[in-house]
Each structure stands twice: as structure tokens, then as C-alpha cells.
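The values are calculated or read from the model by the stated rules, or taken from the named source; none is laboratory data. None of these values were measured; they are calculated from a predicted model. Glycine also receives a Cβ, built like all others from the backbone with ideal geometry; neighbour counts cover every protein chain displayed.
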Amino acid sequence: MKNHNNKACKRQNKDKQKQAKELFNILLNPMSRRMSATALGFTDMTYMVTQNISDWLKDGRAQVVGHIRCKRSNRIVEMVTTNSDLFNEQTNNQLTMF
């Protein structure tokens, strides 16, 4: 059985929490995943932010609010934000359409 009281393991968890908070604050302004990874300091390492953003999208803490031309890849990509003032209205329930 592994000992999870290791100081390095605890430090790594704190670093991940700090990184997640920074990412959440960065996404208050809508941008692409790649642009947010670059803003966080992970140039060409989008995988460093993908899991957090995916979890927030599932939980409703973040939302795709449109499309944007990414400054890094020059492609049209999803624009993600954590700013609840910019969220689109929820239309998940089909009964609300009638």
C-alpha cells in the first residue's frame, strides 16, 4: 500500500489546485482552450487544461458561448468561459421549448 503522506505528493496537489484556480480566473474572459493554456504558461500543452475545462463544462461551471478564431492555431474553435454573466440560457430540457 502506498503512503500518501509524502510531502512531494501534497505539494503537487496544491500546485494543481492553484493552477485550477488560475485557469478559472483566466476563463472569466471567453477564449479557446489553447489560448487559455498559453495564458497559464503551458505553450503547446493544451492537455494541461483540457481535463479541468471538461469537468467544469459537465458540472455547469463553464460553458461554450460561441466560436472564435484561435490566435495560436488560426482555426475556428469553441470559445469557453467561466463567467456566469455570459452564459447562454439553458435549453437542456426539451419541454421548455413548447
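Among the residues making up the stretch 1-18, those that are of a type in the set (Lys, Arg), loosely packed, with under 11 Cβ neighbours inside 10 Å and at pLDDT below 70 are Lys2, Lys7, Arg11. In the stretch 54-76, which residue that is modelled with pLDDT under 95 and of a type in the set (A, V, I, L, M, F, W, C) is nearest to Ile26 (Cα to Cα)? Looking at the filtered set, the residue picked out is Ala62. Checking each residue in the stretch 19-47 for being at pLDDT below 90 and of a type in the set (A, V, I, L, M) picks out only Met45.
Looking only at residues of the stretch 19-48 that are of a type in the set (Gly, Ala, Ser) and in contact (Cβ under 8 Å) with a residue 40 or more places away in the chain, we find that the one that is surrounded by the most Cβ atoms within 10 Å (Cβ to Cβ) is Ser36.
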